[in-house]
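The values are calculated or read from the model by the stated rules, or taken from the named source; none is laboratory data. Treat the numbers as computed from the prediction; the structure is a model and nothing was measured. Cβ placement follows ideal geometry from the backbone for every residue including glycine, while neighbour counts extend to all protein chains displayed. Note: areas computed on protein heavy atoms with side chains; ligands, DNA, RNA excluded. Shrake-Rupley method; radii C 1.70, N 1.55, O 1.52, S 1.80 Å.
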Amino acid sequence: MPWQGLDTPSSALGVLGPSVREQAPGWSVDELYGNFRWAEHLMCASGGAIGVADYGKVAVQVFQGVGDWVFAPALYDVASYRVDEYAQLLDAQGVDAEVPVEMQRHSRTFIRQLAAEIAADPPDIVGFTSTFMQNVPSLALAREIKRVAPGVLTVIGGSNCDGPQGPALHRNFDQLDFVISGEGERSLPALLRCVAAGASVADIPGLSWRSDGMTVTNPPAESSVPFGVVPAPDYDGYFQALENSSLGPGIRPMAVLETSRGCWWGEVHQCTFCGLNGSNINFRSKAPERIAHEVRDLASRHRVLDVVMVDNILDMGYIDKVMPELAALDCDLRIHYEIKSNMTREQLGRLRDANVLFVQPGIESLSSHVLRLMEKGVSSAHNVRMLRDGMDLGLSVTWNILYGFPGETDEDYQSLLRKMASLEHLQPPTGAWRIALERFSPYFDDPSIGFMFRTPARFYELIYNVPKGELYDLVYLFDGSTRGIAGPLEDDLKQAVRNWAEAYPRSTLLYWIDDQGRVVIEDQRASWPEEVIELDELQSNVYLDLFQGAGWEGVRRRLADGGQVVTDEEARKILRYFVDRGLAFEDEGRYVSLALEVDPYRRKLVDGREVAASR
């Protein structure tokens with residue numbers, strides 16, 4: 001159901017279909033991409049006023065629950081639902097309510113039409129996969145199906161059903177016959193086998209069902225599903241739906257592939273704000289020999305070159321075992337992975353050679369103090385090095401800045417604001433956002449470390465008509481007391497991020513080594529004087545020593561090893577010059593150089609001097 005992106009198939013449907021076909025003989029599976037139907041309906045019902053771009057904007061407004069609210073009238077069978085209150089809430093958060101309000105007018109008609117289509121040739125069971133804002137659209141359709149075809153059974157699963165959320169859904173919405181909490185590759189086929197045989201479902205792990213009108217929830221699975229039993233995804237249903245859709249010509253599809261679950265870092269030091277792994281953070285990864293084969297199959301079968309790996313973190317063993325095989329594939333892929341931000345330049349180069357061109361390193365901050373509050377296990381020097389090396393290697397690096405952590409200080413951000421202009425030639429953050437209090441995160445699980453008082457996020461009250469105690473178990477996002485920076489400093493941070501994004505397209509900071517082995521730097525950043533800077537021998541050696549990131553003692557020691565003895569005062573003076581001139585980044589005594597290595601094919605001669613060509 002909406003609000004799955006239009007340009008990617010559902011990873012859940014991709015593996016559940018094959019799982020059912022393999023493990024539940026006698027059952028056939030049809031897939032319905034209701035997201036296409038909804039986008040088409042909006043386009044038609046609005047006379048073209050609401051298009052694919054509008055769908056996409058709503059699809060990412062998870063932290064306001066916009067997509068769920070849009071379908072509230074369909075869930076409660078009313079013409080509209082709490083429009084004025086919700087529009088005021090969006091306005092207070094700087095979100096335009098005009099399009100969501102218009103969309104809400106069409107949701108009930110859409111659900112009725114879709115349910116009638118399903119009821120015309122009723123299946124035995126309709127299953128919903130629900131993540132983020134797919135709850136209310138799914139609940140609305142399940143309710144209408146039960147009204148027009150009461151004999152059809154319904155089941156829902158997905159991350160919105162994890163932990164206490166699944167039983168809460170089952171208790172509060174009678175249109176759901178079954179709810180599966182946890183991984184579905186085994187539980188869904190087991191449920192279908194029991195339904196076909198008329199057998200008891202009491203032994204299916206994580207299943208909520210009814211006995212004498214009361215919800216019964218089976219104990220969760222004792223172990224995770226091993227990746228060996230997770231089939232390769234089948235996306236024929238998505239690409240057929242795309243081909244049949246009137247929206248198809250305007251959509252550039254991508255394939256998605258899951259190569260791991262859980263988080264190997266989070267198993268040891270879970271990031272304090274992160275709840276994305278739900279109740280099962282145990283890290284498991286796919287056998288390396290499967291990955292290149294499955295990528296090649298997806299690319300050739302569906303004629304796509306963009307592949308999004310939906311893992312929460314890259315298995316570092318894949319650097320040696322998978323990347324060479326991906327690099328050897330005979331197609332010009334564009335692969336996306338989420339990675340750790342302290343990867344080395346050599347490791348990033350291996351990713352690039354394997355056509356992993358889009359990375360999300362989980363940078364989150366450029367303050368080492370704030371990163372420690374997050375339990376990130378990296379420093380700001382690591383993160384800046386990632387931005388520099390990613391840019392140098394031609395990778396697209398997606399990241400943002402998070403704030404609002406218990407224990408952060410104004411100085412953490414005032415210091416960052418003073419440094420941002422030196423970074424404007426590097427890929428900017430997508431924004432600066434206050435952290436959300438997420439279920440399953442350490443901040444949620446342990447109130448003593450920062451958020452003692454919490455309530456379901458305000459927008460949920462404008463969506464779900466359930467008792468407050470039930471709402472607490474049902475939802476993923478919570479409101480707590482405001483922690484960390486606020487007020488003018490928060491505004492300054494957001495403005496600085498906007499300034500960075502504006503300056504980035506017209507900023508470069510490049511270096512090369514001249515014939516005497518000295519570093520030459522060309523500065524064409526928006527906020528700095530346009531200048532060619534020639535470093536002397538000592539400065540050059542220091543600057544090159546900073547590429548991996550170093551403290552001044554380490555720099556001095558390496559210089560001494562190379563036969564150059566400098567005093568503390570000399571070393572500090574050079575480092576201070578680099579920082580003041582914006583040629584290096586410093587935080588907590590760690591320095592990292594910022595200039596990018598010039599592409600030799602972009603060199604030119606100007607007035608008899610060799611300088612770098614502008615971007």
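Grab the beta carbon distance between V565 and E502, set R0 = 51 Å, and tell me the FRET efficiency rounded to 0.05.
Approximately 0.70, to the nearest 0.05.
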**Message:** I'd like the accessible area for V308: 1.4 Å probe, protein heavy atoms, all chains in place, Å² to the nearest 10.
**Reply:** 30 Å²
**Accessible surface, per residue, of region 89-157 when the full set of protein chains is kept, probe 1.4 Å, Å²** = 42 Å²
**Message:** Taking every DSSP beta bridge with both residues inside the chain, roughly what % is antiparallel (nearest 5)?
**Reply:** 55 percent
**Prompt:** Can you give the accessible area of R82, probe radius 1.4 Å, in Å² rounded to 10?
**Reply:** 90 Å²
**Prompt:** Any idea how far the Cα center of region 333-385 sits from the one of region 410-473, in Å?
**Reply:** 21 Å
**Prompt:** For labels at R252 and A120 in the simple 7 Å Cα→Cβ model, what's the distance in nm?
**Reply:** 3.5 nm
**Message:** In region 393-414, whose amide N lies under 15 Å from the spot 7 Å out along Cα-to-Cβ of D491? List them in ranges.
**Reply:** none
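Please report the relative contact order for the chain, taking Cα pairs under 8 Å with a sequence separation of at least 6, and give it as a percent rounded to a whole number. Please list the in-between numbers first.
Values: 1082 pairs, mean separation 64.8, N = 615.
Relative contact order of the chain: 11 percent.
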**Farthest positive-ward along the chain dipole, Cα basis, beta-carbon charges - from T398, P442, A595** = P442
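So what is the accessible area of region 412-535 per residue, in Å², with the probe set to 1.4 Å?
Values: 5650 Å² over 124 residues.
Heavy-atom accessible area per residue stands at 46 Å².
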**Request:** Roll a 1.4 Å probe over the protein heavy atoms and report the accessible area of Y76 in Å², nearest 10.
**Result:** 60 Å²
**Complete:** Any GluC sites (Glu not before Pro) in region 482-549 that lie in a DSSP loop and have at most 13 other Cβ atoms within 10 Å would be E530
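Could you tell me whether region 214-346 comes out rounded, prolate or oblate from its Cα gyration tensor? Rule is a ≥ b ≥ c as square roots of the eigenvalues, rounded for a/c under 1.5, then prolate if a/b exceeds b/c, otherwise oblate.
oblate
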**Request:** Please identify the cysteines of the chain that lack any partner cysteine with a Cβ under 4.7 Å from their own Cβ.
**Result:** C44, C161, C194, C263, C331
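Contour minus end-to-end for E531 and L276, with contour as 0.36 nm per residue of separation and end-to-end as the Cα-Cα distance? Before the final figure, lay out the partial values.
Values: separation 255, 0.36 × 255 = 91.80 nm, distance 4.56 nm.
The E531-L276 span can extend by a further 87.2 nm.
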**Asked** Label points 7 Å out from Cα along the Cβ direction at Q113 and F63: separation in nm?
**Response** 3.4 nm
**Request:** Please give the FRET efficiency for D479 paired with V268, using the beta carbon to beta carbon distance and R0 = 30 Å, rounded to the nearest 0.05.
**Result:** 0.55
**Request:** Name the long-range amide H neighbours of G549: under 5 Å, sequence gap of 5 or more, or other chain; modelled H, no Pro or chain starts.
**Result:** S593
**Prompt:** Which one, (i) 84, 53, 51; (ii) 110, 79, 44; (iii) 82, 65, 53, gives Cα extents along the principal axes in Å as derived from the coordinates shown?
**Reply:** (i)
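Would you mind calculating the gained length between R558 and A45 on full extension (0.36 nm times residue separation, minus the Cα-Cα distance), in nm to one decimal? Provide the component values of the computation, followed by the final result.
Details: separation 513, 0.36 × 513 = 184.68 nm, distance 6.91 nm.
Value of the extension gain: 177.8 nm.
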**Amide H contacts under 5 Å for V256, placed H, 5+ residues apart** = V308
**Request:** Quick one: order T455, T259 from most to least accessible surface, probe 1.4 Å.
**Result:** T455, T259
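Express in nm, to one decimal, how much length is gained between N244 and D297 on full extension, taking 0.36 nm for each residue of separation and deducting their alpha carbon distance. Intermediate results must be reported in sequence, preceding the final value.
Details: separation 53, 0.36 × 53 = 19.08 nm, distance 2.22 nm.
Additional length available on full extension: 16.9 nm.
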**Fill in**
Share of accessible surface on carbon and sulfur in the chain, whole %, 1.4 Å probe and ligands ignored, is 50 percent
**Item:** Dipole magnitude (debye, nearest 20) for the chain, charges at Cβ of Lys, Arg, Asp, Glu
**Value:** 540 debye
**Message:** From the protein chains alone at 1.4 Å, what is the descending order of accessible area for F63, F440, largest first?
**Reply:** F63, F440
**Spin-label pair R290/A199, simplified geometry with 7 Å Cα→Cβ offset, distance in nm** = 2.5 nm
**Complete:** Taking H425, H106 and ranking on accessible area (1.4 Å, protein atoms only), highest first, one gets H106, H425
